[in-house]
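Below: the structure, in structure tokens.
The values are calculated or read from the model by the stated rules, or taken from the named source; none is laboratory data. All figures in this text were calculated on a predicted structure; none of them were measured in a lab. Neighbour counts are summed over all protein chains in view; Cβ atoms, including those assigned to glycine, are modelled from backbone coordinates with ideal geometry. We work out accessible area using only protein heavy atoms, side chains counted, and drop any ligands, DNA or RNA first. Shrake-Rupley method; radii C 1.70, N 1.55, O 1.52, S 1.80 Å.
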Amino acid sequence: MVKVILNALPPARVDTPSAALSGLKAFLAYHNIETTIIYWNILLDGLLPAFERNTDAIHFELLPYMYLISDTYQDEINKSKINAIMKAELPIYDILNNNSDYLIKTRGILDAAVLREFSKYSNNGPLLFGISCKYEQWIAGVVLARYIKDRFPHAKIVVGGLRSRDKAESVMKVCDDFDFAIWGEGEYPLLELCRTIDNQRGSFDSVPRLVFRKEGSIRFSDKDVSQFYDLNSRIFPEYDDYFNYLEVSHKRGIAVILPLESSRGCTWNVCRFCVYADGYETRKKDPGVLKDEINYLLDKYGTRYFAFMDNDIVANDHKRLERILDDLISIKQDKNIHLIAEVIPKDFTAAIMKKLSRAGLNRIHFGYESLSDRLLTKMRKRTNFSDNICFVKFAHKYKVKLPSANIICGTIGEEDYDVLESIDNLHFLRFYFDKNLFAHNLIPLRIAKHSDFYNMIDHDALIKWDDNTVFHLLPHKMMEGIDRFSLFDFSARSNLLWDMFLKINTFYYDHNYSYTISLENDAVLYREFFDGELLIERAISRLEYRILQETNSNILDLGDLLNTLRPESDIGIDEKSVCITLSRLKEKHLVYFNDNYRSIISIVHIDQIDGLPASGIELK
């Protein structure tokens, strides 16, 4: 029977086991297929000298492998480019300018590590090596594949974690040592591939979503549809290999983050910047199963840190989210767990935001994308800027960290007005700029094949989309005949107004805006401060107060707001007066709304009133 050896490769993080490979191992073991995971990213963690680097720049961890690939292609210019990057980071290593090759010892180090690890495995019996392409691991996989074929000539290599058939085909073209590629979800196609290899006479044509080699050419299986893994099967991921490699590499003391999966796919699936993955099905895990899984992992591995792999743990189901949060709160009462998750910030209430904090979700990545409603519409996002304000406002109140509020620049159809609107809208967030809690991160739009934005660009204009460091550090010969947009994503030069945005954004982080709202002589007084100095002092009228109160934790359209205010006829409610008051409050940056008085949200917390008696407010 075939033995499966899965390989976790750089640039995958060393402080977390591979979610995909750990799930595959447990699934294959359930079907009686012997499987192990080699954590090369841990074994080879010291391949590069230590230096300060941007954790989001994956090309640093890939430098040794791109160097070796360039060496194989005898591309001396490319090797020199890679060494120039190293010298820029570590000039102290070459103060005499006579050490032009920083990575010359890479091959020897890798030879020793691979020989030591592969000595554990026998050449007897069929072997299937699996390589994930997530985070460009296939680049290190190209180097590993040559070692595999040299040491185990009859072994087969399958790559996975691919979003489309086009990308699977491109990866196969790039490396002749790859025998198979699976695109889309991998559990059942990999199981069928193992059974076909064991059968020896079986046809690879029947393995779902498989790209394979036959008679010197690349072929595609006949089936694109397969059974999908049941998230409620209670086949929990297996992390034993990961902890074993931490032990032998003397890294047992690091704070390990265990992956969790509560859903797959995207319930929205129409954002124009997204590359829609083929071969996936949207579905959710039952909260009770998720709770049992967390307790199982806590008991078995003892770690307190978890990260959800979902692109949105809400999955368009807030009732389910509340059940999950209630379960996490009950777990946290006995075990001090900490979790990271990603959400789409739509329809979040103040009560749910408070529960996020109580449940141990101390860090949230959220689909922010822009401060401009026009740009969010052009991206076809579900959310608007009012949703973003509300989410940031209550995350700040309950100390939920938002470490990556990504702002996409260079959106297709972006105009100067859109960037100027983004700059102006920074002021609506002035009370919530806290580097420890909320970080704006400007990122250029990156396009790849199968995204709507890619399809909106004229073919001749694609030449402008050429910024991808990893692509330009691979040999040109390696990429010949490859559609670069099927394998990589690319950005283009952005509007210079975004440089102005960054400077003004920095100003807000460097200074402190604050406010107080107090009840004095039966009047509500609003005071705003800049770095502790009084900027504004004004009385808030009764109608202003009621508007701020109703939109404090609820995003309302004009009609809904009028319906909540009209029973109080004694304060002179009519649509015209409310619209005039709303416009005045927006001019003062105390409320925000978009066109036609839709999505109204208060910027301030009106419930934070000094001197408020228990009986409430009776304004003159």
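When all alpha carbon pairs of the stretch 30-146 are counted in 5 Å bins from zero, the resulting P(r) reads 2, 9, 18, 21, 19, 13, 7, 5, 3, 2, 1, 0 %.
Protein-only accessible surface at a 1.4 angstrom probe places the residues Phe273, Phe212 in the order Phe273, Phe212, largest first. Solvent-accessible area per residue in the stretch 191-336 equals 50 Å², computed with a 1.4 angstrom probe and all protein chains kept. On the beta carbon distance between Lys588 and Ile104, with R0 = 51 Å, the FRET formula returns roughly 0.20.
For Ile603, the residues whose modelled amide H falls within less than 5 Å of its own, excluding neighbours fewer than 5 places apart on the same chain, are Val591, Tyr592.
The accessible surface of the chain, taken with every protein chain in place and a 1.4 Å probe, is 48 percent carbon and sulfur. How about Lys576: which lysines have a C-alpha closer than 27 Å to its C-alpha, ignoring those fewer than 8 places off in the same chain? Lys576 reaches Lys586, Lys588, Lys620. When Lys120, Lys335 are compared by accessible area at a 1.4 angstrom probe, the order from most to least is Lys120, Lys335. Qualifying chymotrypsin sites (Phe, Trp or Tyr not before Pro) in the stretch 415-481, where qualification requires a DSSP coil assignment and no more than 11 other C-beta atoms within 10 Å, are lacking entirely.
Using the Cβ-Cβ distance between Lys354 and Met1 with R0 set to 45 Å, the FRET efficiency from 1/(1 + (r/R0)^6) comes to roughly 0.30. The mean sequence separation of alpha-carbon pairs under 8 Å and at least six residues apart, normalised by the residue count of the stretch 120-229, gives a relative contact order of 20 percent. Can you pull the percent of Cα pairs in the chain with separation above 48 Å? Counting pairs separated by more than 48 Å, the tail of P(r) holds 21 percent.
Separation of the stretch 345-407 and the stretch 146-169, taken as the distance between their Cα centroids, equals 39 angstrom.
Of the GluC sites (Glu not before Pro) found in the stretch 333-417, those that fall in a DSSP loop while having at most 16 other beta-carbon atoms within 10 Å are Glu415. Label sites at Ala539 and Ile95, each approximated as a point 7 angstrom past Cα along Cα to Cβ, lie 7.1 nm apart. Available extension along the chain between Asn512 and Asp176 is 115.2 nm, counting 0.36 nm per residue and deducting the alpha carbon span.
Ligands, DNA and RNA aside, Ser518 has an accessible area near 10 Å² when probed at 1.4 Å.
Anything over 24 Å Cα to Cα? Flag those among Lys251/Lys291; Lys285/Lys346; Lys25/Lys214; Lys435/Lys503, in the order listed. Result: Lys251/Lys291; Lys25/Lys214 exceed 24 Å.
Relative to its residue count, the stretch 453-518 spans a Cα convex hull of 174 Å³ per residue.
Restricting the stretch 470-559 to GluC sites (Glu not before Pro) that sit in a DSSP loop and have at most 10 other Cβ atoms within 10 Å of their own Cβ leaves Glu480. Expressed as a fraction of 2.2 N^0.38 Å, the C-alpha radius of gyration for the stretch 87-155 is 1.51.
Across the stretch 158-228, how large is the tail of the calculated P(r) beyond 16 Å, expressed as a percent of all Cα pairs? Summing the P(r) tail past 16 Å for the stretch 158-228 gives 40 percent. Placing dummy labels 7 Å off each Cα toward the beta-carbon, the span from Arg380 to Thr72 is 3.8 nm.
Each Cα pair under 8 Å and six or more residues apart adds its separation to the average, and for the chain the resulting relative contact order is 10 percent. Assuming R0 = 45 Å, what is the FRET efficiency of Thr267 and Arg493, from their Cβ-Cβ distance, to the nearest 0.05? The value I calculate is 0.85.
Where a ≥ b ≥ c are the square roots of the eigenvalues of the C-alpha gyration tensor, would you call the stretch 321-435 rounded, which needs a/c under 1.5, or, failing that, prolate if a/b is larger than b/c, or oblate? Note, shape of the stretch 321-435 comes out prolate.
Take the stretch 417-543 with all the other protein chains still there, run a 1.4 Å probe, and you get 50 Å² of accessible area per residue. Summing charges over all other residues whose Cβ lies under 13 Å from the Cβ of Asn436, with Lys and Arg as +1 and Asp and Glu as -1, gives +3. Residues Met478, Met1, Met309, sorted by accessible area with the largest first, give Met1, Met309, Met478 [1.4 Å probe; ligands and nucleic acids excluded].
For the chain, the 222 nm mean residue ellipticity estimated from helices alone, with every DSSP H stretch of n ≥ 4 adding -39500 (n - 2.57) and the total spread over all residues, rounds to -11500 deg cm²/dmol.
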